[in-house]
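The values are calculated or read from the model by the stated rules, or taken from the named source; none is laboratory data. These numbers come from a predicted model, not from an experiment. Here the Cβ positions follow ideal geometry from the backbone for every residue, glycine too, while neighbour counts run over all protein chains shown.
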Amino acid sequence: MSISLIIPVFNYLNLLEKCLFSVYRQSVQPDEIILSDDGSDEDIVAFYNAQKRKTAIPLILVRQKHLQFRAARVRNNGVSVSK
């Protein structure tokens, strides 16, 4: 069994960083972490690149253009790339 952690993201990268720090400290690690971004205004790509250097867990970034509130779609995008 493999574990894919899908985290929907829209801005608030400071909170996302805390979330990921918590994941990194878990005793059972996911096999992959998928950041599913709904068109953040903040620099998610730079954040993603910095986080990739901090962990051995595969980190995947999925992005879509911001089209207002598309919570289900952004989650489904994450599921579609999970293993």
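Give me the residue from segment 39-54 that is crowded, with 18+ Cβ neighbours inside 10 Å, touching a strand residue (DSSP E or B) at 6+ places or on another chain (Cβ under 7 Å) and not polar (S, T, N, Q) and, out of that set, farthest from MET1 (Cα to Cα). Quick ask: steps written out before the conclusion?
Residues of segment 39-54 that are crowded, with 18+ Cβ neighbours inside 10 Å, as a first pass: 40, 44, 47-48, 51.
Of the ones still in play, those that are also touching a strand residue (DSSP E or B) at 6+ places or on another chain (Cβ under 7 Å) are 40, 44, 48, 51.
Now restrict to residues that are not polar (S, T, N, Q): 44, 48.
Details: ILE44: 30, TYR48: 26 Å.
So the residue we want is ILE44.
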Within segment 63-71, does at least one residue satisfy the condition of being buried (at least 18 other Cβ atoms within 10 Å of the Cβ) and under 11 Å from the mean Cα position of the chain (by Cα)? no
Could you run through segment 39-81 and say how many residues are assigned to a loop (DSSP other than H, G, I, E, B), over 17 Å from CYS19 (Cα atoms) and among the aliphatic types (A, V, I, L, M)? 1
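Considering each of ILE34, ILE57 in turn, give the residue that is at pLDDT 80 or above and either surrounded by fewer than 13 Cβ atoms within 10 Å (Cβ to Cβ) or under 14 Å from VAL9 (Cβ atoms) (or both). Spell out how you get there, then give the answer.
Working: ILE57 fails: either surrounded by fewer than 13 Cβ atoms within 10 Å (Cβ to Cβ) or under 14 Å from VAL9 (Cβ atoms) (or both).
Selected residue: ILE34, the only one of ILE34, ILE57 that is at pLDDT 80 or above and either surrounded by fewer than 13 Cβ atoms within 10 Å (Cβ to Cβ) or under 14 Å from VAL9 (Cβ atoms) (or both).
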Has segment 13-27 got at least one residue that is assigned to a loop (DSSP other than H, G, I, E, B) and surrounded by 13 or more Cβ atoms within 10 Å (Cβ to Cβ)? no
